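K.L.:
The structure that follows is given in the form of structure tokens.
The values are calculated or read from the model by the stated rules, or taken from the named source; none is laboratory data. Quantities reported herein were computed from a predicted structural model and do not represent experimental measurements. Ideal geometry is used to build each Cβ from the backbone, glycine not excepted, and the neighbour counts take in all protein chains shown.
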Amino acid sequence: AQNVTVDEIMTAYKQACQKLNCKQIPKLLKQIQEFKDLAPRIDCLDLKGEKLDYKACEALEEIFKRVQFKIVDLEQTSLDEDGASALFDMIEYYESATHLNISFNKHIGTRGWQAAAHMMRKTNCLQYLDARNTPLLDHSAPFVARALRISSSLVVLHLENASLSGRPLMLLATALKMNMNLRELYLADNKLNGLQDSAQLGNLLKFNCYIQILDLRNNHILDSGLAYICEGLKEQRKGLVTLVLWNNQLTHTGMAYLGMTLPHTQSLETLNLGHNPIGNEGVRNLKNGLIGNRSVLRLGLASTKLTCEGAVAVAEFIAESPRLLRLDLRENEIKTGGLMALSLALKVNHSLLRLDLDREPKKESVKSFIETQKALLAEIQNGCKRNFILAKEKEEKEQKLQQSASMPEITVTEPLEEGPAEDGQDDSAASTPEEGEEAGETPMASENGDAEPAEDDD
């Protein structure tokens, strides 16, 4: 709506509450008062944790009618079928949000999901939908699948812990084969199994080369499921950039499949295998595949039951790798022998910017080895620091070359742009480790941690 004022919004909302005989939401009144620039979109409408019954939802129309938002947060708002379907209809009609969070709403039911699917299909502005912990059951899944097949504007879809195993996943995966817009798919905590569910995911990867992030943490993919996923990955010429397989009961057997697949992947940059009992044999099975791989920049092996023997295999890969940026080896029993191998590998590796290891030395039978471990840990960190400084210098040198190759006499504005361009350079160099830092991160990392590098590298 044009030329609307904060007072008008406030009055309209209060009158609607009076007419509907429902309580005004104090948290909402406070936000309306703080609305600054009313066009084109206000940053956020935050209703997280407020109980929204049908009448409260109806009253919100007076706000959606007048202003649009980037984020509408409806997390844990106790929505029922009536309230949810009314709200989603409004959000669709007024194009209220680019980011919508409906997570932790257990009772939106079939009608709620039907309205959500309609909204996904009809709005061109909705890019991000978070429906974590909002069950998508057998009878609701077909609506959402149809919306995804017709390909909404959605770029990011969070469906963690949404009871997807079985028919819902089959419908979604089949629909997504046709979808060309979705870039990030988060399916953690869905009890996905190593048979039908994984076969569906493998099949999806075979046909969809647009999804860049697939997060499958905390499922039951198992080695059998990983075999299906690897089949799909092998078929991709471009496609998946980040694959998170954290805590899926994978063993050395699965690593053999992955080892054979890695030389074929061309776009996979972040691979997180943390919290799987891969063991030393698993890392040995991976090693040659990693050496033959030309794309992986970040590798997560936290808590994978490695000892010194496994660390030696990892060190052999580090020594060979011209591109690995980040490696996570925390929560493993890596002692003096393993640290020695890693330290030697870093003497010849020039790409690794961050190697995560446990800070505290491990118990050794020989007391003096504790000091040796501390010295080796420091040496390893220094190696990463040296690589970081080299990377930054190289980047600055390349920038200078670019600048000297440009022709100021043609581009009149050149001198003005030089300053900021150099600053920008510093920033991007300095951000490299954090980029990796989020990528291989543990589930404690923010949900989108894994997403950022993929976007940066795109």
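K.L.:
Quick test for you: out of Q33, Q18, pick the one residue that is assigned to a helix (DSSP H, G or I), without any contact (Cβ under 8 Å) to a residue 24 or more places away in the chain and either touching a Pro at 6+ places or on another chain (Cβ under 6 Å) or surrounded by fewer than 18 Cβ atoms within 10 Å (Cβ to Cβ) (or both). Before you say what the answer is, go through the steps one by one.
P.N.:
Working: Q33 fails: without any contact (Cβ under 8 Å) to a residue 24 or more places away in the chain.
Going through Q33, Q18 in turn, just one is assigned to a helix (DSSP H, G or I), without any contact (Cβ under 8 Å) to a residue 24 or more places away in the chain and either touching a Pro at 6+ places or on another chain (Cβ under 6 Å) or surrounded by fewer than 18 Cβ atoms within 10 Å (Cβ to Cβ) (or both): Q18.
K.L.:
Here is a list of conditions, (1) of a type in the set (D, E, K, R); (2) modelled with pLDDT of 50 or more; (3) in contact with a Ser or Thr (Cβ under 8 Å, 6 or more places away or on another chain), and E414 meets all of them except one; can you say which number that is?
P.N.:
So the condition that E414 fails would be (2).
K.L.:
Let me ask you something else. What single numbered condition from (1) charged (D, E, K, R); (2) closer than 19 Å to A175 by Cα; (3) out of contact with any His (no Cβ under 7 Å at 6 or more places or on another chain) fails to hold for D130?
P.N.:
Of (1) charged (D, E, K, R); (2) closer than 19 Å to A175 by Cα; (3) out of contact with any His (no Cβ under 7 Å at 6 or more places or on another chain), only one is false for D130: (3).
K.L.:
Name, by its number, the condition in (1) closer than 19 Å to C44 by Cα; (2) crowded, with 21+ Cβ neighbours inside 10 Å that does not hold for Q114.
P.N.:
(1)
K.L.:
Looking at the structure I just gave you, is F388 of a type in the set (F, W, Y), under 22 Å from L286 (Cβ atoms) and in contact with a helix residue (DSSP H, G or I) (Cβ under 9 Å, 6 or more places away or on another chain)?
P.N.:
no
K.L.:
How about the range 176-187: which of its residues are surrounded by fewer than 20 Cβ atoms within 10 Å (Cβ to Cβ) and either in contact with a Lys or Arg (Cβ under 8 Å, 6 or more places away or on another chain) or in a strand (DSSP E or B) (or both)?
P.N.:
Answer for the range 176-187, where residues must be surrounded by fewer than 20 Cβ atoms within 10 Å (Cβ to Cβ) and either in contact with a Lys or Arg (Cβ under 8 Å, 6 or more places away or on another chain) or in a strand (DSSP E or B) (or both): just M178.
K.L.:
Would you pick out the residues in the range 74-102 that are outside any helix (DSSP H, G or I), touching a His at 6+ places or on another chain (Cβ under 9 Å), surrounded by fewer than 21 Cβ atoms within 10 Å (Cβ to Cβ) and at negative phi?
P.N.:
Of everything in the range 74-102, just one residue is outside any helix (DSSP H, G or I), touching a His at 6+ places or on another chain (Cβ under 9 Å), surrounded by fewer than 21 Cβ atoms within 10 Å (Cβ to Cβ) and at negative phi, namely D80.
K.L.:
Over 25 Å from H158 (Cα atoms) and of a type in the set (G, A, S) - does that describe any residue in the range 232-243?
P.N.:
No, the range 232-243 contains no residue that is over 25 Å from H158 (Cα atoms) and of a type in the set (G, A, S).
K.L.:
Something else now. Contact list please: Cβ distance under 6 Å, first residue in the range 284-298 and farther than 20 Å from T253 by Cβ, second residue basic (K, R) and surrounded by 17 or more Cβ atoms within 10 Å (Cβ to Cβ), pairs at least six apart or on different chains.
P.N.:
Once the first residue is farther than 20 Å from T253 by Cβ and sits in the range 284-298, its partners that are basic (K, R) and surrounded by 17 or more Cβ atoms within 10 Å (Cβ to Cβ) give R298/R326.
K.L.:
For residues that are outside any loop (DSSP other than H, G, I, E, B) and under 18 Å from the mean Cα position of the chain (by Cα), scanning just the range 151-175, find the one that is surrounded by the fewest Cβ atoms within 10 Å (Cβ to Cβ). Lay out the reasoning, then the answer.
P.N.:
Here is the first cut: in the range 151-175, the ones outside any loop (DSSP other than H, G, I, E, B) are 156-158, 167-175.
Of the ones still in play, those that are also under 18 Å from the mean Cα position of the chain (by Cα) are 156-158.
On the way: V156: 18, L157: 23, H158: 24.
Applying the filter and picking the extreme gives V156.
K.L.:
Do any residues in the range 191-206 that are of a type in the set (K, R) have Cβ atoms under 9 Å from those of residues that are assigned to a helix (DSSP H, G or I), where the two are at least six apart or on different chains, and which pairs are they?
P.N.:
K191/D197; K206/E231; K206/G232; K206/L233; K206/K234; K206/E235
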